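The block underneath contains the structure these notes are about, expressed in structure tokens.
The values are calculated or read from the model by the stated rules, or taken from the named source; none is laboratory data. Keep in mind it's a predicted model, so treat the numbers as computed, not measured. Each accessible area value is taken on the protein alone, full model and side chains, heavy atoms only, with ligands, DNA and RNA left out. Shrake-Rupley method; radii C 1.70, N 1.55, O 1.52, S 1.80 Å.
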Amino acid sequence: MIKIKKHQTKKWEVSITEFKNSVGKKFKVTRRLPELSVAETKMFRTKKKAKRQFDDWLK
């Protein structure tokens, strides 16, 4: 599952990705500024926390 949205006024691209392995699920939330090749990534164990970060970066 990959979901990508762009910020309305800033040029950030924010994405959320779900990973599954034998231990469980992890969620990766990344925001990128493609023009400067800059990115910030955070990993979460719960979808709720990942969604909160995703929404926060879109504000």
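For the reader, a short list of remarks on this structure follows.
- Per residue solvent-accessible surface (Å²) - the chain, probe of 1.4 Å: 79 Å²
- With 0.36 nm allotted per residue and the present C-alpha distance subtracted, the residue 45-residue 6 stretch has 11.7 nm of extension available.
- Solvent-accessible area of the chain (1.4 angstrom probe, protein heavy atoms only): carbon and sulfur portion equals 51 percent.
- Amide proton proximity set for residue 12, modelled H, under 5 Å, gap of 5+: 7
- Mean ellipticity per residue at 222 nm, deg cm²/dmol - from DSSP H runs of n ≥ 4 across the chain, formula -39500 (n - 2.57): -6500 deg cm²/dmol
- Crossing angle, helix 47-58 versus the chain [Cα axis fit, 0-90 degrees, rounded to tens]: 0 degrees
- Among (i) 50, 10, 6; (ii) 27, 16, 6; (iii) 22, 12, 8, the entry derived from the coordinates for semi-axes √(5λ) of the Cα gyration tensor in Å: (iii)
- Backbone HN-Hα couplings from phi across the stretch 28-37 [Karplus 6.51/-1.76/1.60, Hz, Gly and Pro as x]: 10, 10, 10, 10, 10, 10, x, 5, 10, 6
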